[in-house]
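J.: Please read through the structure below; I'll follow up with questions.
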Amino acid sequence: MKILIIGSSDAGISAALRAREVSPDSDVTVLIKDGYPNFSICGLPFYIGGEVANWRSLAHRNMDQLLESGIRFMLHHEVTRIDVKQNHVFAVNKSKTEVSFPYDKLVIATGAVSARPPIPGSDLPGVFFMRFMNEGFAISEYLNTHQPKRAVIIGSGYIGMEMAEALHRQGLSVTIIEMASSVMPSLDKEFGALVEEMLRSKGIRVLTEARVTGIDKKGGALIVNAGNEKIAEADFILIAAGAKPCVDLAIAAGIKTGPTGAIRVNQKMETSAPDVYAAGDCVETYHRLTSRYTYMPLGTTAHKQGRIAGENAAGGGTIFKGVVGTQSLKVFDRVVTRTGFRDNDARANGFDPLTIQMEAPDHKAYYPGALPIHIRITADRNSKQLLGAQMIGHHGSEISKRIDIIASALFLELTIADLINLDLSYTPPLSSPWDPVQMAAFEWLNHI
Ligand SMILES: Cc1cc2nc3c(=O)[nH]c(=O)nc-3n(C[C@H](O)[C@H](O)[C@H](O)COP(=O)(O)OP(=O)(O)OC[C@H]3O[C@@H](n4cnc5c(N)ncnc54)[C@H](O)[C@@H]3O)c2cc1C
């Protein structure tokens, strides 16, 4: 059985490894546009900020480890066409020669590209996007060779936030520009405000409700405009306006995309074409809470979907159980997390939500070093079904594990009362007999 995989990042490698595990006799080939198979692009901000000294350590697995699994790698092979009728893929290699590959089963794992809002001037030298290893290297080199002093980051999603810290670590003064009314629009405004307060305390300038309409170059400086007004000057600009699924190949092959623009798949990760699977940032993702497909490009999901696509391509019949929308971010000394619905999402999905906000110490106050955790928790007023939560706390306060408790509860459709009954661990330096997530559940019940 010939299994061909396009893309060598989280989804592609997970598919390849699983296919070889399930069917050790299968011939698994991965086609890779660049020369960086299985690198963690999630680590790029930490490399640029200097916390990770060597980019090579961003590899999830090195080439020797990958080859041990019996997978064949075709580096520098950019796929240009898929023929779903003849089961063939065509690629152009480094010497610009077209090579064709037959397949019995194909997995498309082409990922995403940076969204490029139509901002005139975004192609000027000194303006960057960051998605791939080579884009990370280009930024790092620019910082070394040009020694910029002032950075502007357009967009305050998680990449914008991580890069704000990275550039601050490199000694740049940083301005974040966000068109929404608060930073991190995937959080409620109250929490966006807390994040803004923390950023300002670190010396980061934050501009909200500011829509960048153009970038000019004047006398060596990059000028950022909103309408007729100059809102910032910079020597370095990063546009971090989200991700867009990389679907041109699939569309050209006649494979269906959904309303989000990403490839339509079912829970077996099958596309509309026979023998063709897809996974990761190029596909729509099944959301457990809405029972609908959404676009939520994340490494966690890409790994799971890739594994399922690989298993099924190799003859399995497993299904992707879906996401609940869980994300964590460390920015400076804080951790910001969320999972599930916020009020508006919950209402749009037929629930009658109540969200409460509270603060609790991360461990018993008598044990030194207790720090507050801010929690917003959402549940349905009628059924008391837990619907989502957001948390902000200090790095070291086990924030991401606490959101994972909520994420697990959402996965299992637990109620607020179930959350209170969970048998969670306790020792004074780490928690309280009632963990903060359970304190939040009590507080929610007090408001109903
Ligand atoms: C800076 C940054 C930080 C992130 N941090 C997090 C995080 O903390 N947590 C989290 O869950 N997620 C994070 N993500 C998202 C996560 O990295 C992605 O969701 C994940 O990489 C998706 O994996 P993928 O395999 O679907 O796609 P990608 O990683 O986009 O890989 C797609 C691959 O396909 C190849 N390809 C595309 N077209 C072709 C072609 N025509 N021919 C051959 N090869 C092709 C590309 O070269 C690439 O290797 C982050 C992303 C970035 C950019």
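The values are calculated or read from the model by the stated rules, or taken from the named source; none is laboratory data. What you see is a predicted model; the values in this text were computed from it and never measured. Methodologically, a virtual Cβ is constructed for each residue, glycine included, from the backbone with ideal geometry; neighbour enumeration extends over all protein chains shown. Ligands, DNA and RNA are excluded from the accessible area calculation, which covers all protein heavy atoms including side chains. Shrake-Rupley method; radii C 1.70, N 1.55, O 1.52, S 1.80 Å.
J.: Excluding ARG169 itself, calculate the net charge of residues whose Cβ lies under 12 Å from the Cβ of ARG169, where each Lys or Arg counts +1 and each Asp or Glu counts -1.
T.: -2
J.: Same structure again: Which value, in debye to the nearest 20, gives the size of the charge dipole of the stretch 331-448 about its Cα centre, when Lys and Arg are +1 and Asp and Glu are -1 at the Cβ?
T.: 180 debye
J.: Could you go through the stretch 66-72 in sequence order and give the Karplus-derived ³J(HN,Hα) for each residue, using 6.51 cos²θ - 1.76 cosθ + 1.60 with θ = phi - 60°, rounded to whole Hz, and x for Gly and Pro?
T.: 5, 5, 4, 7, x, 7, 9
J.: TYR277's amide H: which non-local residues (gap 5+, or another chain) put their own amide H closer than 5 Å, with H modeled 1.01 Å from N in plane and none for Pro or chain starts?
T.: It is LEU106, VAL107, ILE108, THR271, by chain and number.
J.: Just need the relative contact order of the stretch 107-225 here, percent rounded to a whole number, with Cα pairs under 8 Å and 6+ apart.
T.: 23 percent
J.: Just check the chain against the gyration tensor rule for me: Cα atoms, a ≥ b ≥ c as the square roots of the eigenvalues, rounded for a/c under 1.5, and otherwise prolate or oblate depending on whether a/b exceeds b/c.
T.: It comes out oblate by the Cα gyration axes.
J.: Using the structure shown, list the pairs from LYS33/LYS268; LYS2/LYS33; LYS189/LYS268 with a Cα-Cα distance above 31 Å, or answer none.
T.: Pairs exceeding the cut-off: LYS189/LYS268.
J.: When a/c reaches 1.5 or more, the comparison of a/b and b/c decides; with that in mind, is the stretch 275-411 rounded, prolate or oblate per its Cα gyration tensor?
T.: oblate
J.: Roughly how big is the chain's charge dipole about its Cα centre, with Cβ charges of +1 (Lys, Arg) and -1 (Asp, Glu), in debye to the nearest 20?
T.: Here the chain has a charge dipole of around 560 debye.
J.: Rg/Rh for the stretch 270-317: what does it come to with C-alpha atoms and Rh from Kirkwood?
T.: Using Cα coordinates only, the ratio equals 0.97.
J.: Give me the lysines in straight-line cross-link reach of LYS217: C-alpha distance below 22 Å, same-chain residues under 8 apart excluded.
T.: Hits, sequence-local ones excluded: LYS149, LYS230.
J.: To check my understanding: the extent here is largest minus smallest coordinate of the Cα atoms along each principal axis. What are those three numbers for the stretch 1-127, in Å, largest first?
T.: Rounded to whole Å, the extents work out to 47, 33, 26 Å.
J.: I want the local charge near ASP281. Using Cβ-Cβ distances under 10 Å, sum +1 for each Lys or Arg and -1 for each Asp or Glu among the other residues.
T.: +1
J.: By how many nm would the segment from ASP418 to ALA365 grow when fully extended, if each residue of separation counts as 0.36 nm and the alpha-carbon distance is taken off?
T.: Contour length minus the Cα-Cα distance gives 16.5 nm.
J.: Then there is this: Taking H as built 1.01 Å from N, whose amide H comes closer than 5 Å to the amide H of ARG81, not counting residues under 5 places away?
T.: PHE90
J.: For a quick check: with amide H placed at 1.01 Å from N, whose amide H comes under 5 Å from LYS217's, ignoring anything fewer than 5 positions away on the same chain?
T.: It is ILE223, by chain and number.
J.: Excluding ligands, DNA and RNA, what is the solvent-accessible area per residue of the chain at a probe of 1.4 Å, expressed in Å²?
T.: 44 Å²
J.: If you plug each phi of the stretch 218-231 into the Karplus form 6.51 cos²θ - 1.76 cosθ + 1.60 with θ = phi - 60°, what whole-Hz ³J(HN,Hα) values come out, in order, with x for Gly and Pro?
T.: Whole-Hz 3J(HN,Hα) from phi for the stretch 218-231: 9, x, x, 9, 8, 9, 9, 10, 10, x, 8, 9, 7, 10.
J.: Excluding LEU75 itself, calculate the net charge of residues whose Cβ lies under 10 Å from the Cβ of LEU75, where each Lys or Arg counts +1 and each Asp or Glu counts -1.
T.: +1
J.: Hey, another quick one. Could you work out what % of the accessible surface of the chain is carbon and sulfur, using a 1.4 angstrom probe and leaving DNA, RNA and ligands out of the count?
T.: 50 percent
J.: Let me ask another. Indicate, rounded to the nearest 5 percent, the antiparallel portion of the DSSP beta bridges found entirely in the chain.
T.: Here the share of antiparallel DSSP bridges comes out near 65 percent.
J.: Additional query: Of the residues GLU359, GLU68, GLU311, which exhibits the maximal mean-square fluctuation in a Gaussian network model of the chain defined by a 10 Å Cα contact cut-off?
T.: Maximum fluctuation in the GNM of the chain, among the listed residues, is at GLU68.
J.: Okay, next question. Tell me what the chain gives for mean residue ellipticity at 222 nm when only DSSP H runs of n ≥ 4 count, each as -39,500 (n - 2.57), the sum divided by the residue total, rounded to 500 deg cm²/dmol.
T.: My calculation for the chain gives -8000 deg cm²/dmol from helical runs alone.
J.: Another question about this same structure. Could you go through the stretch 264-280 in sequence order and give the Karplus-derived ³J(HN,Hα) for each residue, using 6.51 cos²θ - 1.76 cosθ + 1.60 with θ = phi - 60°, rounded to whole Hz, and x for Gly and Pro?
T.: Per-residue couplings from phi come out as 7, 10, 9, 6, 8, 6, 7, 8, 6, 9, x, 6, 10, 10, 8, 7, x Hz.
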